[in-house]
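Here is the structure we will look at.
Read the figures in this text as sums done on the coordinates, not as results from a lab. In this text, all values refer to a predicted model and were calculated from it rather than measured experimentally.
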Amino acid sequence: MNHQRRPAFVLATVMTVAIVAGCGQGAARPVAYGTARSSRQAAVPVLGQRGIFDYNSRGFGEVRPATVFNGGDPTGLVMHITWSSWGGSTAIGAGDSDYVGPNQSVATGTQEKVRIVAFDLGTCRGKLMYRAVEWYFPQHSQNFNPSQYEDICTGNYVGE
């Protein structure tokens, strides 16, 4: 009967030795919640809410995502994004997306360079984020229009 208690005794002894060994000089101290370190990490905004559009969406809820997809047709996908700015009032990036010109169907779209802009920096459900995003094709005389965007806090489309 005594041999059944041995594994628990050995485990308790090993844990005690590990705890005591970790209390010596130079041992790492745990970082308390709410310290300056965790505050700095929390100050970096994310791109909207994760899963805001549908289960296929990507990039939302992330910092500087390389891919953004709202889960719709190919015009809602921006890939290979490189962000030239992040963390200020507006984040600007460049990537590739499906361009569909006037009187074209989505099936005839072509992959082209696109500019992506995340803006409306603020909190949503207590988290710092860019609450709006839009992308456009400058080479086709398109410009950033802050009154037409995806609200990535609520999942609504504004200005369409």
Query raised in the report: Applying the Karplus parametrisation 6.51 cos²θ - 1.76 cosθ + 1.60 with θ = phi - 60° to the phi angles of the range 122-128, what ³J(HN,Hα) value in whole Hz is obtained for each residue in order, glycine and proline being reported as x?
Result: x, 9, 9, 6, x, 10, 6
Query raised in the report: Amide H neighbours of VAL114 under 5 Å, counting only residues 5+ apart in sequence or on other chains, H built in-plane at 1.01 Å?
Result: GLY95, ASP96, SER97
Query raised in the report: Under 5 Å between amide H atoms, partner at least 5 residues away or on a different chain: which partners does GLY61 have, H built in plane at 1.01 Å?
Result: LEU47, GLY48, GLN49, ARG50
Requested in this report: Please state, to two decimals, what the Cα-based radius of gyration of the range 44-158 comes to when divided by 2.2 N^0.38 Å (N = residues).
Outcome: 1.00
